[in-house]
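Q: Below: one structure in structure tokens.
The values are calculated or read from the model by the stated rules, or taken from the named source; none is laboratory data. Given the structure is predicted, the values throughout are model-derived calculations rather than measurements. Cβ: placed from backbone, ideal geometry, glycine included. Neighbour counts: every protein chain shown. The area values use the complete protein model at the heavy-atom level, side chains included, leaving out ligands, DNA and RNA. Shrake-Rupley method; radii C 1.70, N 1.55, O 1.52, S 1.80 Å.
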Amino acid sequence: MAASERNDTFPDNSTAVFSVADGLELVFNLSVMTVGPAASILVILVTVRTPNLRTPSNAMVAVQCGTDLLFALCVGPTTAISIITNDWPFNPAICVVSGLLSTVCRMMSPLTLTLIAVNRCVVITTDLGDGMFTWRNTAVALGLFMAASVTLVLSCHVQGLEIGYSHISRRCLIVADTNSPGFVVFFWATIALTVSMVIISVPSYVRILLYVRRSGAKLRGQVSDARKRHEFLLTRNCGLLFLVFFVCWLLVYFLLGISAHAQEPLVYTVRFAACLLIVPSIANPVVYGMTSTNYQTAIRDLIGRHCFCKDNREDQFPTFATTRTPEVPVPAVSIHVSGPPGSAVSPVLHGPPTSSALVEETRL
């Protein structure tokens, strides 16, 4: 085989050179390696470091960004190398570990997004938000979701759920085996989780929108407009997170269904579906971090503080080690009255010495 040829395992066993589609897929995975993790890290940092953003609601978004960060780090670099080499150049055990971690992240994301939808609905439309979504309750819920995701994936893996490298998608994915009990359990668990997320999240956001319109219609004045705008922005940000995830997963199921019923494997269809699985890992932190006014301000402050703090310190606090100016004491102003008693004499105001006197005193 020539050095410029690539075996992309097409149905007719033909070979193809590095195509435009390969280049676009490589650029996309490079953005997954850079843009997604950078945005996720910024959202997590400003949530932790900014006092007014340290709330249980934002903690859920930070956990979701942490899940997206882990998923992007597991999928992006290995996929980019696989596209370049058209093979898996690492140990097969690394493929299994990377596939298991990315699968856990895919199970954790729907649970977290569903909790975010319920949180937004309760906080905005009722007065139970502060009592229900405390730090303790939020941490317990997120911990249970994480434990459930890890337990489900590992138990299915023990029962025969196989993780391997797919030459068609060039990723470490779950190997579809309908005869494996682990795969069957995982498949139906994923379907049930996705359906539950839709059943809970969609009515929650619809209720929020109806509440915002109703409250805006009842109230009058500038206060009601600000409240309506604030509630709508919260709904928009969290709703976009759910919408991006739901649309991508819906398209993935549709494309994989078409490919499964085709007589021959649709290589580029499968690869496009695999790329759609990674879109939420970039979109989630970008959407929430760049559309929220509070996060925009906090991110600008964080970047500006780290980029310009050194220059600001040098401007505000000049060092005296190199150029030390001698300190010159300035005498206080005094009033002296001279003259015989009982005479009307104007007081004489004695101020500090002139600049020439100060120069002479400095020379001494």
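Q: Compute the accessible area per residue over region 85-217, keeping the other protein chains in place, probe 1.4 Å, unit Å².
A: 50 Å²
Q: While we're here: Heavy atoms only, probe 1.4 Å: what % of the accessible area of region 20-306 goes to carbon and sulfur, would you let me know?
A: C and S fraction of accessible area: 71 percent.
Q: Let me ask something additional. Under a point spin-label approximation (7 Å from Cα along Cα-to-Cβ), what is the Thr291-Arg207 distance to one decimal in nm?
A: Roughly 2.1 nm, to one decimal.
Q: Using a simple spin-label model with points 7 Å from Cα along the Cα→Cβ vector, what separation in nm is obtained for Ile84 and Ala192?
A: 4.3 nm
Q: Using a 1.4 angstrom probe, figure out how much accessible area region 244-307 has per residue, in square angstrom, rounded to the nearest whole.
A: Numbers: 3260 Å² over 64 residues.
Per-residue accessible area for region 244-307 comes out at 51 Å².
Q: Using a 10 Å cut-off on Cβ atoms, rank the peptides 20-29, 128-137 from the highest mean neighbour count down.
A: Top to bottom by mean Cβ count within 10 Å: 20-29, 128-137.
Q: Another question, then. In whole Å, largest first, what are the principal axis extents of the Cα atoms in region 73-120?
A: 45, 20, 12
Q: Ok, one more. Evaluate 2.2 N^0.38 Å with N set to the residue count of region 20-306, then give the Cα radius of gyration divided by it.
A: 1.07
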